[in-house]
Amino acid sequence: MAATIFVPCDSAALAAGADRVAAAVEQEAARRGRDVRIVRNGSRGMLWLEPLVEVQTQAGRIAYGPVRPGDVPGLFDAGWLDGGRHALCHGPTDEISYLREQERLTFARVGITDPLSLADYEAHGGWRGLRNALDMAPDTVVQTVMDSGLRGRGGAAFPTGIKWKTVLSTPASQKYIVCNADEGDSGTFSDRMLMEGDPFALIEGMAIAGLAVEATQGFIYVRSEYPHAIAALNAAIDIARRDNWLGDDIQGSGKAFHLEVRKGAGAYICGEETSLLESLEGKRGVVRAKPPLPAIQGLFGQPTVVNNVISLATVPAILANGAAWYRDYGMGRSQGTLPFQLAGNVRHGGLVEKAFGVTLNTLLHDFGGGSASGRPFRAAQVGGPLGAYLPVSQWDTPIDYEAYAAISAMVGHGGVVAFDDTVDMAQMARYAMEFCAIESCGKCTPCRIGSTRGVEVIERIVRSDGEARERQLALLNDLCDTMLGGSLCALGGMTPFPVQSAIRHFPEDFGLDPAMSACAD
Ligand SMILES: Cc1cc2nc3c(=O)[nH]c(=O)nc-3n(C[C@H](O)[C@H](O)[C@H](O)COP(=O)(O)O)c2cc1C
Ligand code: SF4
């Protein structure tokens, strides 16, 4: 019988040479007359081990990594087809503590199955949620999602069920489901990993959303920098359509849902839901004023659910296992799990799905293994470029939406970017303003002009001293207040968070007396 070898086809693994490793395995096996079947799975999310190659043995899947093409003959010599010992061997994959200590609900199949195998998908619990939803009334599906406590994983953490309820109760001849796969936050990659590693989960989640709100058409708006995700989704949609999981008559139910992929326009602001809708309509990505909410007047003026990839891909498991099962995870009003993404200066970067309540210390030390540079950590930015910088003294705060809001931070899409003690926080604050200036859609003045003035004021704070510095600091605080209160969307409205957190927690980097940092509040 052929030995099964898993070589990931995830972008991170491909960037580390996975295709060349797969070719080397094939050639070496042929040279030795060994019969092997290579499965291109998603990534397990342990990015420092990519390409992580797994061999199916009697004792389960055994992990080897990072494997280079030149390692392959030695791995055969070591008898890896039977789980043989080798310097690159990490033992049974599921026993690696990085994976064992996670609660993988949304990512349950990622890295385990062949992303485009329907048989694999079904064997690992796929379509159970949609099957259940097909037998339920739309408002029961909405109620289940509401009861699960699921909140939007794109950043704003709005309750998913409430958004769906609004769309369901808004009459229209055509409604839409739009998946936000623009994933523009720095240090984030969970959407990409999910789309590449388990595309049917997103398709199933969107079909369930369609049934729940009576929408028959869906679009997935994927950032253009994700060609592998786009290819995986298009292939999976074709397969699902052929097998009647999409189309006019899903599994003979008489219910319809159609799905198409659209390539994003390459701007951070196109991830903001109303800009995204403009872009989907073929226009420039500029923010729309709200109201009306997209749930009432969204794509082409019709009621539209806009949800993040992770929000939608979590729905099938909720419909399959029940609302109570999901809400059992997490704490307070932050129920379920979040796929955290560890990036920046961290030894073991990757994807860690944990229930809310985990701390940065656990994520960055226990999972992350400390800084990549070996130097002490100094700060972490959580929640993308608009998230606050958290000093190490705050790393024991449980990560939950409310607990983070209480310390003027945000959880966002779960991106965690770590910095060691060489980071210059004044430069990071300047960068936050510069990022806003570059990415601003230009519609409102506090963001368009304020961010450019912000860069200049921060430069003056760093350059000046004494009273002049104090005056510039007061000016910056005024500017931040104006951006916070006067911006039309969260790009301008939240840029003050990284800026003010940097001043508050690291005043010395701005040449300020720590006692003065209270001015930044
Ligand atoms: C500047 C800006 C960029 C955003 N980028 C993204 C993004 O890349 N992906 C995403 O899912 N949400 C993004 N959002 C949030 C969306 O506007 C919206 O809240 C989200 O798509 C709703 O889905 P959810 O409820 O499932 O999170 C962004 C918001 C802002 C203000
Ligand atoms: S805050 Fe910035 S990105 Fe948002 S609408 Fe105003 S100008 Fe556009």
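The values are calculated or read from the model by the stated rules, or taken from the named source; none is laboratory data. Since we're looking at a predicted model, the values are computed, not measured. As a convention, Cβ positions derive from the backbone with ideal geometry for all residues, glycine included, and neighbour counts pool all protein chains shown. All accessible areas refer to the heavy atoms of the entire protein, side chains included, with ligands and DNA or RNA removed. Shrake-Rupley method; radii C 1.70, N 1.55, O 1.52, S 1.80 Å.
Restricting the stretch 1-43 to residues that are open to solvent by less than 40 Å² (accessible area, probe 1.4 Å) and β-branched (V, I, T) leaves a set whose member that is nearest to V67 (Cα to Cα) is V21. Here Y268 does not qualify as away from ligand 1 (no atom under 15 Å from the Cβ) and hydroxyl-bearing (S, T, Y).
Okay, residues lined up against (1) within 20 Å of F510 (Cα to Cα); (2) of a type in the set (S, T, Y); (3) within 16 Å of ligand 2 (Cβ to nearest atom):
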| site | (1), (2), (3) |
| --- | --- |
| Y431 | yes, yes, no |
| E434 | yes, no, yes |
| A437 | no, no, yes |
| G454 | yes, no, yes |
| R460 | yes, no, no |
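Of the residues in the stretch 328-347, at least one is open to solvent by 30 Å² or more (accessible area, probe 1.4 Å), at pLDDT 95 or above, more than 20 Å from L150 (Cα to Cα) and over 17 Å from the mean Cα position of the chain (by Cα). Condition (residue is open to solvent by less than 10 Å² (accessible area, probe 1.4 Å) and within 12 Å of ligand 2 (Cβ to nearest atom)) applied to the stretch 390-400: is it met by at least one residue? No, there is no match, as no residue in the stretch 390-400 is open to solvent by less than 10 Å² (accessible area, probe 1.4 Å) and within 12 Å of ligand 2 (Cβ to nearest atom). If the condition is being polar (S, T, N, Q), out of contact with any helix residue (DSSP H, G or I) (no Cβ under 7 Å at 6 or more places or on another chain) and within 24 Å of P138 (Cα to Cα), then the stretch 178-218 contributes only Q217.
This table checks each residue for (1) crowded, with 20+ Cβ neighbours inside 10 Å; (2) modelled with pLDDT under 95; (3) more than 20 Å from L319 (Cα to Cα).
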{"residue": "P159", "(1), (2), (3)": "no, no, no"}
{"residue": "T166", "(1), (2), (3)": "no, no, no"}
{"residue": "P171", "(1), (2), (3)": "no, no, yes"}
{"residue": "C179", "(1), (2), (3)": "yes, no, no"}
{"residue": "T188", "(1), (2), (3)": "yes, no, yes"}
{"residue": "R192", "(1), (2), (3)": "yes, no, yes"}
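Which residue is nearest to the chain's Cα centre (by Cα), if the candidates are limited to the stretch 194-218 and must be surrounded by fewer than 24 Cβ atoms within 10 Å (Cβ to Cβ) and more than 17 Å from V315 (Cβ to Cβ)? Per the stated criteria, the residue is Q217.
Take the residues in the stretch 265-288 that are assigned to a loop (DSSP other than H, G, I, E, B), in contact with a helix residue (DSSP H, G or I) (Cβ under 8 Å, 6 or more places away or on another chain) and open to solvent by 10 Å² or more (accessible area, probe 1.4 Å); name whichever of them is farthest from ligand 2 (Cβ to nearest atom). By that ranking, first place goes to E281.
Restricting S464, S440, S451, S487 to those that are over 25 Å from G266 (Cα atoms) and not charged (D, E, K, R) reduces the list to S464.
For (1) within 12 Å of ligand 1 (Cβ to nearest atom); (2) touching a residue at least 40 places away in the same chain (Cβ under 8 Å), each residue gets a yes or a no:
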position	(1), (2)
A432	no, yes
C436	yes, yes
G442	no, yes
G454	no, yes
I458	no, yes
G466	no, no
Q472	no, no
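Restricting attention to the stretch 66-101 and to residues that are closer than 20 Å to G45 by Cβ and in contact with a His (Cβ under 7 Å, 6 or more places away or on another chain), the residue that is surrounded by the fewest Cβ atoms within 10 Å (Cβ to Cβ) turns out to be I96.
Among V315, V261, which is among the β-branched types (V, I, T), away from ligand 2 (no atom under 16 Å from the Cβ), part of a helix (DSSP H, G or I) and modelled with pLDDT of 95 or more?
V315 is the lone residue from the list that is among the β-branched types (V, I, T), away from ligand 2 (no atom under 16 Å from the Cβ), part of a helix (DSSP H, G or I) and modelled with pLDDT of 95 or more.
Looking across G466, G485, one residue alone is farther than 26 Å from N307 by Cα and surrounded by fewer than 16 Cβ atoms within 10 Å (Cβ to Cβ). It is G466. Remark: V423 falls outside the filter, which requires a residue to be within 16 Å of ligand 2 (Cβ to nearest atom), over 25 Å from A289 (Cα atoms) and open to solvent by less than 60 Å² (accessible area, probe 1.4 Å).
Annotation note: of Y226, Y221, the sole residue that is open to solvent by less than 10 Å² (accessible area, probe 1.4 Å), of a type in the set (S, T, Y) and modelled with pLDDT of 95 or more is Y221.
Within the stretch 295-304, if we keep just the residues that are in contact (Cβ under 8 Å) with a residue 24 or more places away in the chain and assigned to a helix (DSSP H, G or I), the residue that is nearest to ligand 1 (Cβ to nearest atom) turns out to be L299.
With respect to the conditions (1) within 11 Å of ligand 1 (Cβ to nearest atom); (2) assigned to a loop (DSSP other than H, G, I, E, B), N307 falls short on a single one, namely (2).
Kindly evaluate A432 against the criterion of being closer than 15 Å to A388 by Cβ and open to solvent by 30 Å² or more (accessible area, probe 1.4 Å).
no
When restricted to residues that are over 18 Å from D424 (Cα atoms) and either touching a Lys or Arg at 6+ places or on another chain (Cβ under 8 Å) or more than 16 Å from ligand 1 (Cβ to nearest atom) (or both), the stretch 373-404 contains 10. Of all the criteria given as (1) within 16 Å of ligand 2 (Cβ to nearest atom); (2) at pLDDT below 95; (3) acidic (D, E), the one not satisfied by D513 is (1).
Between Q472, Q500, the distinction of being under 26 Å from the mean Cα position of the chain (by Cα) and either over 30 Å from S311 (Cα atoms) or more than 16 Å from ligand 2 (Cβ to nearest atom) (or both) belongs to Q500 only. Restricting attention to the stretch 393-408, the residues that are of a type in the set (A, V, I, L, M) and either modelled with pLDDT under 95 or part of a loop (DSSP other than H, G, I, E, B) (or both) add up to 2.
Taking V457 as the residue in question, decide whether it is open to solvent by less than 10 Å² (accessible area, probe 1.4 Å), among the aliphatic types (A, V, I, L, M) and over 30 Å from V352 (Cα atoms).
yes
Selection of first residues in the stretch 409-428 that are outside any loop (DSSP other than H, G, I, E, B) and modelled with pLDDT under 95 and of second residues that are surrounded by fewer than 24 Cβ atoms within 10 Å (Cβ to Cβ) and hydrophobic (A, V, I, L, M, F, W, C), restricted to Cβ pairs under 7 Å at least 6 apart or on distinct chains, gives an empty result.
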